[in-house]
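Computed from the coordinates by the stated procedures, all read-outs in this text should not be read as laboratory data. In this text, all values refer to a predicted model and were calculated from it rather than measured experimentally. Counting neighbours? That spans all protein chains shown, and the Cβs are built from the backbone with ideal geometry, glycine included.
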Amino acid sequence: MSHTVFQSVRRLQVWDYSLSHRQLLVRSNKDADASTPIKLQFLFVSEIHLPTEFSASEIVDVSSSLLTGSPDALREARGMGHLQFEIRNQGCVGYVLR
């Protein structure tokens, strides 16, 4: 079963991805409507499939459910016990695998 772990209408972007440290930082900038940025850090990341920026996003823990529209390689990764997140927005779905 999947569950939403984060939801926002703000524009988010991949800020930093360190393959050697296996970390991903996704964040928003300050704007007229929001005085503080949103910072989301993913640890122990083995693979990402994301656009560089996205808005009206929902991050869903899909570690124990079916991935929406995912390729076979991502289904296999889930089967090997990797925790995964879908980042869904306006007709696009991205993935973070651990």
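Being under 13 Å from the mean Cα position of the chain (by Cα) and more than 18 Å from Tyr95 (Cβ to Cβ) is the filter here; which residues of region 17-54 pass it?
Arg27, Lys39
Could you please find all residues in region 16-31 being within 18 Å of Phe44 (Cβ to Cβ) and of a type outside the set (Asp, Glu)?
Of all residues in region 16-31, those within 18 Å of Phe44 (Cβ to Cβ) come to 16-26.
Tyr17, Ser18, Leu19, Ser20, His21, Arg22, Gln23, Leu24, Leu25, Val26, listed by residue number.
How many residues, within region 29-42, are out of contact with any Leu (no Cβ under 8 Å at 6 or more places or on another chain) and either of a type outside the set (Asp, Glu) or surrounded by 13 or more Cβ atoms within 10 Å (Cβ to Cβ) (or both)? Write out each step before concluding.
Kept after step one, since they are out of contact with any Leu (no Cβ under 8 Å at 6 or more places or on another chain), are these residues of region 29-42: 29-37.
Remaining after also requiring either of a type outside the set (Asp, Glu) or surrounded by 13 or more Cβ atoms within 10 Å (Cβ to Cβ) (or both): 29-30, 32, 34-37.
The qualifying residues number 7.
Name every residue in region 10-49 that is among the hydroxyl-bearing types (Ser, Thr, Tyr), touching a residue at least 24 places away in the same chain (Cβ under 8 Å) and outside any loop (DSSP other than H, G, I, E, B), in order of residue number. Quick ask: steps written out before the conclusion?
Of the residues in region 10-49, the ones among the hydroxyl-bearing types (Ser, Thr, Tyr) are 17-18, 20, 28, 35-36, 46.
Then drop every residue that is not touching a residue at least 24 places away in the same chain (Cβ under 8 Å), which leaves 17, 46.
If the condition is that a residue be among the hydroxyl-bearing types (Ser, Thr, Tyr), touching a residue at least 24 places away in the same chain (Cβ under 8 Å) and outside any loop (DSSP other than H, G, I, E, B), then Tyr17 is the only one that fits.
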